[in-house]
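Below: the structure, in structure tokens.
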Amino acid sequence: MYIRKWERYASERKVDKVSPPLTAAVNFLASLAESDLSYSAVCTARSALSSYLCTYDGVPFGKNELVKRLIKGVFETKPVFPKYNATWDVNIVLKELETWTPIEKLTLKEISMKLCMLIALLSGQRCQTLQALRTGSTCMELSDKKCTFYV
């Protein structure tokens with residue numbers, strides 16, 4: 001996608017698509033950043049151009065100091081924030097589940113909740129995947145040493 005955009009950009013400015021002046025390619029990245037693309041998208045475009053364009057004094061496009069400075073500037077103007085703004089301590093949950101004993105005295109709901117939390121922690125799956133787990137013969141295989149779910 002970014003290669004096609006670059007080719008269009010280069011064609012409009014009548015510069016060589018494969019061996020353009022460095023400033024033309026850097027200006028292309030700057031125009032992408034100004035067009036409200038994210039930092040990640042500009043980095044993707046830089047990588048695409050780096051594999052497509054010739055080197056400049058033996059240095060790949062993406063490693064050029066001018067390109068690196070532009071990317072740093074894009075990062076500073078469009079910082080990347082973590083996907084999640086809160087985390088939790090797994091040890092708190094594990095310590096709580098440790099108190100849910102003996103298993104014979106737990107209700108079916110408590111056993112189910114404990115099992116669900118342990119599966120979630122062990123598998124790292126999302127809630128929608130856990131919700132899709134079934135215990136039928138085509139969905140779960142149970143042996144002495146392991147239990148395998150097929151989602």
Test of understanding: what is the full-extension gain from L122 to K68, defined as 0.36 nm times their sequence separation minus their Cα-Cα distance? 15.4 nm
Taking every C-alpha to C-alpha distance in the chain and binning by 10 Å from 0, the per-bin percentages run 9, 25, 16, 10, 16, 16, 6, 1
What residue among L122, T23, V42 has its Cα farthest toward the positive end of the dipole of the chain, where the charges are +1 on Lys, Arg and -1 on Asp, Glu, each on the Cβ? T23
The rounded separation in angstrom of the Cα centers of region 98-126 and region 1-71 is 52
Two-site label geometry, T129 and S19: point separation in nm, points 7 Å out along Cα→Cβ: 4.9
Give me the one-decimal nm value for the distance between modelled label points at T87 and S35, 7 Å along each residue's Cα-to-Cβ direction. 3.7
Hull-based mean projected area of region 2-77, where the convex hull spans the alpha carbons, in square nanometres: 4.3
Over all directions, the average projected area of the alpha-carbon convex hull for region 90-149 comes to how many nm²? 4.9
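Past 29 Å, Cα to Cα, is the threshold; run K17/K83; K114/K146; K14/K63 against it and keep the listed order.
Numbers: K17/K83 36 Å; K114/K146 17 Å; K14/K63 25 Å.
Pairs exceeding 29 Å: K17/K83.
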Treating only the Cβ atoms of Lys and Arg (+1) and Asp and Glu (-1) as charged, compute the dipole magnitude of the chain about its Cα centre; round to the nearest 20 debye. 340
What nm distance separates the two modelled labels at S137 and T55, each placed 7 Å from Cα along Cα→Cβ? 6.4
Provide the gained length on full extension for the span S112 to K146, in nm with one decimal, where the gain is 0.36 nm per separating residue minus the Cα-Cα distance. 10.5 nm
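Quick note: the coordinates plus some simple rules give every number you see, no bench work behind them. Remember, predicted model here, so these are calculated numbers, not experimental data. Every residue, glycine as well, gets a Cβ built from its backbone with ideal geometry; the counts of neighbours run over all protein chains shown.
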